[in-house]
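In what follows, a structure is listed as structure tokens, so that the remarks can point back to it.
The numbers here are math on the coordinates, done by the rules we state, and not lab data. Source: prediction; values computed, not measured. With ideal geometry, Cβ positions are generated from the backbone for all residues, glycine too; neighbour counts draw on all protein chains shown.
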Amino acid sequence: MKKELVQTLTDTFEGHAQQTETGIEYWLARDIQHLLGYTKWENFLNVVSKAKTACEVSGHDIDNHFPDVRKMVDLGSGSQREIDDIMLTRYACYLIAQNGDPRKPEIAFAQTYFAVQTRKAELIEQRMLDAERIHARKKLTETEKELSQVIYEQTSGNQDFALIRSKGDHALFGKSTQAMKAQWKVPDSRPLADFAPTILLKAKDFAAEITIFNARQHQMDREGQISNEHITNNQAVRNTLLERGIRPESLPPEEDVKKVERRLQSEDKKSLNKPDTLDN
């Protein structure tokens, strides 16, 4: 997510925050509905319902985080009418965001925004970058499992997977997996991908997805065929990166993705352990 968008969303969510007389921060559900991209109140209430269930399961009182309120709204005729609304704590907003579609930038932002205690946009941006890298690593794991299955089904053996993946790495980096591990100081027992930047995780994933598609489409049944396909796809991805000024083997390693994931989980646990309530 671009820095400008993060700042814009931060300002937007901040602008809709309100406070009770006792200083507890809250948002109105009608505002959050539109901030999260929901056009219909009824559809948004379905998400709120799931969030209430999550709140109850976590051991918190729903009424302290989702109290119902009524408010007056202006009509086109100049008159007013009363409508239902809900006061939402930061914790309630977080639970609502957790039940939304993370592919939507508003939802992805809100999940982080309401999870952290600080409201500094740069911290939110870094957290979202970390979350994106974790997601990219998990996606690559899923794709490689699928590629392994394709190899097993079409060549009658999984022993070829490690060899094919290694050839793909050599095509992408211009050097072997072991050489890259030595360069990045990756322990022998750990996958190279756990230390790869997000751009390279997505590059490896894209090449593997093409290999899977073509291996199935053309019914490749020999290791050599699938290897050549995987090499070709990684070379194509490498060429695209080089054309854009990105040399894969020259990028520095990132922090162990497992440590990043544990850190984010720990931060979430701390920030949600004692959420503010509206019963003060």
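Would you mind computing, in nm to one decimal, how far apart the modelled labels at T141 and Q183 are, each placed 7 Å from Cα along Cα→Cβ?
That separation, rounded to one decimal, is 2.5 nm.
Could you order peptides 257-263, 208-214, 242-248 by the average number of other Cβ atoms within 10 Å of their residues, highest first?
Per-residue mean Cβ counts within 10 Å order the peptides as 208-214, 257-263, 242-248.
Binning every alpha carbon pair distance of segment 129-264 at 5 Å from zero, what are the percents per bin?
Here the calculated profile for segment 129-264 is 2, 11, 21, 23, 21, 14, 7, 2, 0.
Simple spin-label model, 7 Å along Cα-to-Cβ: R244 to R263 in nm?
Placing both labels 7 Å beyond Cα along the Cβ direction yields 2.5 nm.
In whole angstrom, note down how far apart the Cα centers of segment 168-202 and segment 234-257 are.
For segment 168-202 versus segment 234-257, the Cα centre distance is 10 Å.
Place a +1 charge on the Cβ of each Lys and Arg in the chain and a -1 charge on the Cβ of each Asp and Glu, then give the dipole magnitude about the Cα centre in debye, rounded to the nearest 20.
The calculated dipole for the chain is roughly 940 debye.
Among F13, Q98, G23, flag the residue with its Cα farthest along the positive direction of the charge dipole of segment 3-115, charges on Cβ as +1 for Lys/Arg and -1 for Asp/Glu.
Sorting the options by dipole projection puts first Q98.
Residues of segment 133-155 with backbone nitrogen within less than 15 Å of a virtual label 7 Å along the Cα-to-Cβ line of I199, please, listed as ranges.
133
Would you please calculate the Kirkwood hydrodynamic radius of segment 153-204 over all C-alpha pairs and express it in Å, rounded to one decimal?
In segment 153-204 this quantity evaluates to 11.9 Å.
Just going by the charge dipole of the chain, with Lys and Arg at +1 and Asp and Glu at -1 on Cβ, which of I32, L88, S166 is farthest out on the positive end?
Value: S166.
When the Debye formula is applied to the Cα atoms of segment 197-280, each taken as the same point scatterer, what base-10 log of I(q)/I(0) results at q = 0.11 Å⁻¹?
So the normalised log intensities are -0.53.
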